[in-house]
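J.: I'd like to ask some things about the structure below.
The values are calculated or read from the model by the stated rules, or taken from the named source; none is laboratory data. In this text, all values refer to a predicted model and were calculated from it rather than measured experimentally. Ideal geometry is used to build each Cβ from the backbone, glycine not excepted, and the neighbour counts take in all protein chains shown. Areas reflect the complete protein model, heavy atoms only, side chains present, ligands, DNA and RNA absent. Shrake-Rupley method; radii C 1.70, N 1.55, O 1.52, S 1.80 Å.
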Amino acid sequence: MCDGGLKTGIYIPADLFEELRAYMKSLGITSKSKIVQEALRLFMLEHKWELTGSAVGIIGVVYKHEVGNVDHMLTEIQHDYLDLIISTVHIHLDKERCMLAIFVRGSVAKIKELLNRIHKLRGIEIVRPMLLSH
């Protein structure tokens, strides 16, 4: 019975396929189709916020706190987005690196602007948005 879906073929490089098989075996999953469907759903959910007018979520930032004055610059940037930032959490990962979780809600255009400003700072290692449209 057809559920209106589309049957298609995809190319998966051998190394990626072997890694996928190992995960499937470890997790007890037998259907490659279900894995691909879930991956597509997650991809679309993860990127949907970029296509909408507003979003809510967390921006994770890992940085080396002793590089330049990155702590000060991060604080200054946050002050420019008080209307967007709900809260922040600062965590010391080790003697050299910190993690900042910035909780945001608001305009996608302003969130992208904030992301770009953070990316440009010297000392930043990772900037990872985890955002949903709302």
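J.: Using beta carbons and a limit of 8 Å, which pairs, at least six apart or on different chains, have the first residue in the stretch 113-134 and closer than 18 Å to Gly68 by Cα and the second one polar (S, T, N, Q) and crowded, with 18+ Cβ neighbours inside 10 Å?
T.: Within 8 Å, no pair qualifies.
J.: Let me ask something else about it. Within the bounds of the stretch 80-99, is there any residue that is among the hydrophobic types (A, V, I, L, M, F, W, C) and in a helix (DSSP H, G or I)?
T.: Looking through the stretch 80-99, none of the residues is among the hydrophobic types (A, V, I, L, M, F, W, C) and in a helix (DSSP H, G or I).
J.: Okay, moving on. Could you please find all residues in the stretch 93-112 being open to solvent by 90 Å² or more (accessible area, probe 1.4 Å) and touching a strand residue (DSSP E or B) at 6+ places or on another chain (Cβ under 9 Å)? Full working, then the answer.
T.: The initial filter retains those residues of the stretch 93-112 that are open to solvent by 90 Å² or more (accessible area, probe 1.4 Å), namely 95-96, 105.
Listed by number, the residues that qualify are Glu96, Arg105.
J.: Check His90, His79 and return the single one that is at pLDDT 95 or above and open to solvent by 90 Å² or more (accessible area, probe 1.4 Å). I'd like the intermediate steps shown before the answer.
T.: On the way: His90 fails: open to solvent by 90 Å² or more (accessible area, probe 1.4 Å).
Step by step, each of His90, His79 is checked, and only His79 is at pLDDT 95 or above and open to solvent by 90 Å² or more (accessible area, probe 1.4 Å).
Matching residues to (1) in contact with a helix residue (DSSP H, G or I) (Cβ under 6 Å, 6 or more places away or on another chain); (2) of a type in the set (A, V, I, L, M, F, W, C):
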residue: Ile86; (1), (2): no, yes
residue: His92; (1), (2): no, no
residue: Lys95; (1), (2): no, no
residue: Ala101; (1), (2): no, yes
residue: Ala109; (1), (2): no, yes
residue: Leu121; (1), (2): yes, yes
residue: Ile126; (1), (2): no, yes
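J.: Would you confirm whether any residue within the stretch 36-51 is farther than 30 Å from Thr8 by Cβ and surrounded by 11 or more Cβ atoms within 10 Å (Cβ to Cβ)? Working first, answer last.
T.: Step one: of the stretch 36-51, the residues farther than 30 Å from Thr8 by Cβ are none.
Among the residues of the stretch 36-51, not one is farther than 30 Å from Thr8 by Cβ and surrounded by 11 or more Cβ atoms within 10 Å (Cβ to Cβ), which makes the answer no.
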